[in-house]
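*Asks:* Got a structure for you, written out below as structure tokens; questions coming shortly.
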Amino acid sequence: MSMRRGVSIFVCAGLALVAPALSQTEDVSAEAAAAMPVARILPAVASIGGVGGSYFKTSIQLFNQYSAPLSGRLVFHRAGETAASDDPGLNISIASGETLSYDDVLAAMGLTGIGTLDILMPYASTSPLVVSRVFDDAGESGTSGFTQDVISPNETGPLGRVLTSGNAGYLIIPSDLEAFRFNLGVRMLTVGGWVQFLVFDAHGEQVADVGKSLESYSFQQQEASRFLGLDLPAGGSIRVRPTGGSVIVYGATVDNVTQDPSIQFARSGS
């Protein structure tokens, strides 16, 4: 397997924040892309069939707010696998003031499945503005879904969605686990790590303490009770605390009848 991209990502990203927005070339070679820092992360992207005849897709729009063109690469990391420098992607080039749109970003890459998406740019500070939506496509019956914010890998600290060692965040479990299914998504941003999940019932009583060892630069999404190995208490909460590495953790709730999804993030200090 080729060298993991993440090592260079976090060395470069901190320096890139002070770089000016420069004009870029129209194409991005594989070698250039491998050296680029991650400017933004879409924690969850999908183009996949689901329960009850649902089909979930992810649309994305990228707007270049700068006076010079931007070129970069969208890179997809499949769930259950460790990110690598040869993961599939799509080169992007956006003129000043232009908006680039993909109704189904994974289909535009010739892919299906579920995973996470990195937006690589020559400088992390020159990320385009991004609007993304995860939705169930019901054809003639329309769509239902949510807008998903992109996340900077440097979004740590109070209310940050990147949790670091010693910082905890919380997820709220749906109050009706018959009407809704609840998934946990975990994106590891560093070389391995350990995350503690404390589960509380609706009255604040701790019912479980689950530790998870996570592979380097990996992503996974599973039904929450399966991921944690226990039956979840309806209306309870999950305290998420990494004791090594940096991680993004979210809860995805889906209505079992309409397939309408929503998302929440475990935020540092929340």
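The values are calculated or read from the model by the stated rules, or taken from the named source; none is laboratory data. Note that the structure is a prediction, hence the values are computed from the model and not measured. Reconstructed Cβ throughout: ideal geometry from the backbone, glycine too, with neighbour counts over all protein chains shown.
*Asks:* Within the stretch 112-137, can you find the residues that are over 18 Å from the mean Cα position of the chain (by Cα) and either closer than 13 Å to Ser47 by Cα or assigned to a strand (DSSP E or B) (or both)?
*Replies:* Asp137
*Asks:* Follow-up question, since we're still on this one. (1) in contact (Cβ under 8 Å) with a residue 40 or more places away in the chain; (2) out of contact with any strand residue (DSSP E or B) (no Cβ under 9 Å at 6 or more places or on another chain); (3) more than 23 Å from Asp118 (Cβ to Cβ): which one isn't true of His203, the others all being true?
*Replies:* Every condition holds for His203 apart from (1).
*Asks:* Here's a check for you: in the stretch 71-100, which residue that is surrounded by fewer than 19 Cβ atoms within 10 Å (Cβ to Cβ), among the hydrophobic types (A, V, I, L, M, F, W, C) and within 18 Å of the chain's Cα centre (by Cα) is nearest to Ser218 (Cα to Cα)?
*Replies:* Per the stated criteria, the residue is Ala84.
*Asks:* Are there any pairs with C-beta distances below 8 angstrom linking a residue in the stretch 84-97 that is assigned by TED's automatic domain parsing to the domain that holds Leu62 and at positive phi to a residue that is part of a loop (DSSP other than H, G, I, E, B) and surrounded by 16 or more Cβ atoms within 10 Å (Cβ to Cβ), with the two at least 6 apart or on different chains, and if so which?
*Replies:* Gly97/Asn64
*Asks:* Of the numbered conditions (1) assigned to a loop (DSSP other than H, G, I, E, B); (2) out of contact with any helix residue (DSSP H, G or I) (no Cβ under 8 Å at 6 or more places or on another chain); (3) of a type outside the set (Gly, Ala, Ser); (4) farther than 28 Å from Arg133 by Cβ, Asp231 fails exactly one; give the number of that condition.
*Replies:* The failed condition is (2).
*Asks:* Pairs only if they're at least six apart or on different chains, beta carbon under 9 angstrom, first in the stretch 49-77 and aromatic (Phe, Trp, Tyr), second part of a helix (DSSP H, G or I); list them, first residue then second.
*Replies:* Qualifying pairs under 9 Å: Tyr55/Gly139; Tyr66/Thr126; Phe76/Val105; Phe76/Leu106.
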